[in-house]
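Accompanying notes for the structure given below.
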Amino acid sequence: MSESEIHSTTSPIRPRIPDPSPKWQKRWDDLNLFRAADKPDPARKYFVMPMFAYPSGDIHMGHFRNYTMTDAIARKRMMEGREVLHAFGWDAFGLPAEAAAIKRGLHPEEWTLSNVAQSKATLQRIGISFDWSREVNSCLPDYYKWTQWMFVQLYKHGLAYRKESEVNWCPNCNTVLANEQAAGGICWRCEGPVTKKNLTQWYFRITDYADRLLDDIDTLEGWPETVKSLQRNWIGRSHGAQIKFTLEDGSDFSVFTTRPDTIYGVTFMAIAPDAPLLRNLTIPEKRRGEVEKFLAEARGRTAVERMADAEKRGVDTGLRVTNPLSGEKIPLWVADYVLAGYGTGCLMGVPAHDQRDFEFARKYHLPIRPVIQTGDQVRDGAAMTDADPGEGRMVNSGPFDGLEGQAGVDAVIAHLEKHRLGQAQTQFHLTDWLISRQRYWGAPIPMIHCAKCGVVPVPEDQLPVLLPKGNIDFLPKGRSPLADVPEFMNVSCPKCGGKAERDPDTMDTFMCSSWYFLRYLDPKNDKAPFDKAKARAWLPIDYYMGGITHATGHLIYFRFFTKFLKDIGWLEIEEPATILFNHGMVMDSQGQVMSKSKGNVVSPIDMIARHGVDPVRIAMYFATPGEREVLWSDAGMVGAERFLIKVDHFVRGAREALATASFDPDRNFDVSQLSDAERDAYRKLNQTITKVDHDFELMQLNTHIAAVMELIGSLGSGESFTPEFRAVCAATMIRLLAPLTPHMSEEWWEVLGFPPSIFRAGWPKVDRSALAADTMQIAVQINGKLRGQIEVPSDAAEDAIVAIAERDPKVIPHLEGKTRVKAIHVPKRLVNLLVK
RNA sequence: GCCGGAGUGGCGGAAUUGGUAGACGCCAGGGACUUAAAAUCCCUUGUCCCAUAUCGGGGCGUGCCGGUUCGAGUCCGGCCUCCGGCACCA
């Protein structure tokens with residue numbers, strides 16, 4: 001789902017080891033090896049997927065890394081006897097396609113589909129085990145029909161609504177943005193500053209799910225802590241109260257606060273310059289001029305400018321508001337540090353106990369009145385240099401004096417509720433999800449505006465609302481290009497049959513990506529988005545892999561969709577994915593992001609032409625553990641190629657030594673019948689299986705490979721082994737590598753005389769009897785310092801080990817003239833002799 | 001400011017619950033094979049000091065300071081630096 005364009009160059013250099021990948025890709029295809037069942041055995045099903053891709057050109061090394069990782073998982077699971085679903089698709093709507101279309105004079109669809117074709121060809125050339133029969137493409141009508149269907153379901157259940165408000169607007173992209181896409185006041189696409197605009201737009205009521213989205217994070221045991229923490233912050237729940245202050249004309253003026261216990265310390269009220277409520281207020285004549293002047297200035301400042309300069313500005317409206325508890329009349333200011341989108345867009349100013357209110361009060365000479373005592377004595381407001389935000393005892397608070405901390409909060413809320421002056425309330429940082437986009441290249445919003453009937457959803461049997469493809473001017477003008485296509489816009493109202501208009505906007509592309517995993521389960525279904533029984537069989541996703549960049553966007557939206565679809569009876573799961581893995585990015589050797597403009601992009605097609613698919617995979621995996629970033633350098637190829645050449649020699653040597661054609665690759669050996677060298681090798685072989693299993697499951701493929709490197713180092717040429725033992729070593733080793741080097745392992749499997757496929761040959765099992773050894777190495781420490789190394793029988797008791805240690809020639813000098821006071825024995829590892 | 005993550009050789013990186021720091025690989029140096037080169041194989045490779053005809057021996061070392069422990073890369077307290085996210089959230 002990231003985008004950057006690359007070009008490949010062909011290279012005449014031949015790989016150092018033959019690349020058998022085309023041969024095996026064809027064979028796998030003939031065997032239908034990756035075709036997933038519609039209804040798998042629930043106990044054996046395994047659904048693994050990477051985040052689908054934005055088709056912006058050919059794939060780059062980052063994609064190569066991501067998809068070869070899910071590929072490795074899919075293949076190991078196949079070998080373990082699981083029924084695997086590993087599918088892929090294209091997140092094909094979006095701005096870059098339009099930009100490219102404008103630049104190149106192509107239709108966005110033409111550009112998109114040609115990128116899809118190219119990227120798909122590369123993925124197939126890399127041999128990723130996707131079940132291509134399940135490929136989805138979000139810009140095609142058979143997919144977006146169901147994206148529109150999802151919109152209609154949300155609408156029917158009261159979760160899609162239209163409202164006019166200040167929205168994030170990117171003047172460069174000429175479209176509105178969701179909060180998640182405008183984080184930090186910067187457009188996620190063009191990185192330009194985001195401004196505000198007043199528009200009527202479609203929203204999803206994701207805040208109705210805020211509590212569940214937050215609370216259920218605790219159930220996501222297979223998700224990384226970082227993502228969970230980012231989501232918790234983003235949802236940002238605050239407990240407090242909504243309190244009804246009143247204006248002089250008697251109308252309500254409610255604010256949200258997390259500190260109702262400070263209500264007697266309110267010395268001013270403040271409203272955001274862009275708060276909708278402000279427009280309903282009648283500013284006194286004598287103040288109007290100054291307020292208008294301030295508002296004009298405040299609106300001219302972008303979010304970025306506001307953040308760069310923490311200075312708080314404001315103006316007194318001349319209006320007065322009454323404190324519901326103290327009855328005090330306090331001034332109402334407009335202040336630019338108040339956020340229109342949080343709470344009611346207004347706040348109660350308590351300068352003694354809030355740093356921002358404090359700074360504002362100091363600047364405009366407003367009173368500072370402490371009402372919470374945190375230390376030995378009540379502070380003097382005039383002498384304070386900073387606000388005191390701590391919890392404490394209520395003072396100067398009338399009947400509430402003396403209440404401590406939470407008890408004070410609770411008492412004030414109880415009083416407010418009793419007298420209908422307010423109530424306990426929870427606020428979220430998360431806001432409703434703005435869906436409308438004023439762009440062409442997206443799924444049309446399936447809604448019709450009728451002068452008589454109002455908003456009417458397009459009947460489900462009339463979906464999809466096709467995106468018109470004729471002669472359309474894509475240039476963004478600040479309103480949807482579809483608004484200028486009468487054949488599209490003019491419809492008859494589904495309710496009354498009268499003249500009506502379509503909604504001209506398209507949907508945010510994050511809508512398409514919120515449910516795509518469900519379409520993999522039933523990609524050809526033209527009666528429903530997916531079949532419930534198939535979903536029950538395959539869900540949840542067992543392993544989902546993608547970049548950390550989607551932590552607070554896509555990964556919240558797709559959780560939201562899952563919960564919604566459960567609530568309306570389409571799914572039975574509460575959470576979509578059991579394990580989430582965040583892979584690291586691939587950078588150039590200097591640690592720079594690869595980009596066309598920097599000219600540092602490495603092409604996977606170029607790399608595999610020079611080295612072969614599997615050596616590149618090994619070099620990529622070996623560089624670093626899966627979650628960390630890779631600084632890609634060709635230097636990594638050297639070791640990868642040497643390693644695979646060694647394995648190749650070992651396997652071919654084993655094959656030549658084998659007189660007869662057949663042997664059992666899973667044969668366990670009786671340790672007592674093996675030679676010394678074989679027994680050591682057998683132990684190492686079985687230790688390696690254990691280590692590989694452990695490391696693989698954590699996506700620590702670097703140490704997985706290191707373990708096999710160690711193994712082949714200790715096996716040597718294998719010439720001293722019996723031919724059958726040697727062949728079993730080879731067969732085991734190449735199966736341990738098969739998820740990482742699928743083509744070469746398949747080739748070696750054939751060399752050893754087995755029919756394809758190695759992925760149906762089972763995963764090696766540990767022979768526990770091999771792990772036992774006659775002797776073990778024990779480190780000897782004297783007073784915690786390493787002094788020697790002894791070899792003792794594996795069943796030696798502590799006393800015997802200590803006795804052997806004390807007789808060791810390297811240990812003796814350290815014991816001379818001293819007495820041993822204690823011996824600490826760590827079984828199988830060391831003895832520590834304490835001497836004086 | 002708040003929330004996460006991370007600091008280990010020349011480099012990428014290893015190190016189950018505290019138990020032999022530097023696995024594995026790259027780079028570098030040396031050797032074998034070869035007419036030669038490539039390829040391949042073998043050896044050395046944290047650092048400092050002592051001894052080297054020879055086996056070797058010792059000190060210091062995981063961002064910094066302190067603590068717990070027989071023993072700390074790992075645990076605790078206090079810092080520093082870097083990366084990522086959010087950011088005037090009342």
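The values are calculated or read from the model by the stated rules, or taken from the named source; none is laboratory data. All of these numbers come straight from a predicted model, not from anything done at the bench. When we count neighbours, we look across all protein chains shown, and the Cβ atoms used for this are built from the backbone with ideal geometry, even at glycine. These accessible areas exclude ligands, DNA and RNA; they are computed on the full protein's heavy atoms, side chains included. Shrake-Rupley method; radii C 1.70, N 1.55, O 1.52, S 1.80 Å.
Considering A:Arg655, A:Arg683, A:Arg628, the condition of being open to solvent by 30 Å² or more (accessible area, probe 1.4 Å), within 16 Å of RNA strand B (Cβ to nearest atom), more than 17 Å from A:Leu737 (Cα to Cα) and touching a residue at least 60 places away in the same chain (Cβ under 8 Å) is satisfied by A:Arg683 alone. Each residue in the range A:575-625 was checked for being under 30 Å from A:Leu214 (Cα atoms), touching a Pro at 6+ places or on another chain (Cβ under 9 Å) and open to solvent by 50 Å² or more (accessible area, probe 1.4 Å), and 1 pass.
Only residues that are within 16 Å of RNA strand B (Cβ to nearest atom), under 30 Å from A:Phe93 (Cβ atoms) and in a strand (DSSP E or B) were counted in the range A:406-438, giving 3.
When A:Ser595 is tested against (1) under 28 Å from A:Val227 (Cα atoms); (2) within 14 Å of RNA strand B (Cβ to nearest atom); (3) not hydrophobic (A, V, I, L, M, F, W, C), exactly one condition is not met: (2). Within the range A:782-836, the set of residues being open to solvent by 100 Å² or more (accessible area, probe 1.4 Å), more than 9 Å from RNA strand B (Cβ to nearest atom) and in contact with a Leu (Cβ under 8 Å, 6 or more places away or on another chain) comprises A:Arg820 only. Filtering the range A:527-578 down to residues that are assigned to a helix (DSSP H, G or I) and among the hydroxyl-bearing types (Ser, Thr, Tyr), which residue is modelled with the lowest pLDDT? Filtering the range A:527-578 for residues that are assigned to a helix (DSSP H, G or I) and among the hydroxyl-bearing types (Ser, Thr, Tyr), the one modelled with the lowest pLDDT comes out as A:Thr549. Counting only strands (runs of 3 or more DSSP E) that sit wholly inside the range A:177-275, those with at least 1 residues that are open to solvent by less than 10 Å² (accessible area, probe 1.4 Å) and under 28 Å from A:Glu417 (Cα atoms) are A:237-247, A:252-257, A:268-271. Among the residues examined, A:Tyr161 does not qualify as hydroxyl-bearing (Ser, Thr, Tyr), surrounded by 17 or more Cβ atoms within 10 Å (Cβ to Cβ) and at pLDDT 95 or above. Here the range A:742-775 is the region considered, the condition is being surrounded by 17 or more Cβ atoms within 10 Å (Cβ to Cβ) and within 16 Å of RNA strand B (Cβ to nearest atom), and the residue that is farthest from A:Asp670 (Cα to Cα) is A:Met744.
Against the conditions (1) open to solvent by less than 40 Å² (accessible area, probe 1.4 Å); (2) farther than 21 Å from A:Val613 by Cα; (3) in contact with a helix residue (DSSP H, G or I) (Cβ under 7 Å, 6 or more places away or on another chain); (4) at pLDDT 95 or above, A:Gly81 satisfies every one except (3). For A:Leu403, are the conditions met, namely being over 34 Å from the mean Cα position of the chain (by Cα), away from RNA strand B (no atom under 16 Å from the Cβ), buried (at least 18 other Cβ atoms within 10 Å of the Cβ) and at pLDDT 90 or above? Taking the combined requirement at face value, the residue satisfies it. Here is the figure for the range A:336-374: residues that are away from RNA strand B (no atom under 11 Å from the Cβ), open to solvent by less than 40 Å² (accessible area, probe 1.4 Å) and farther than 15 Å from A:Lys312 by Cα total 6.
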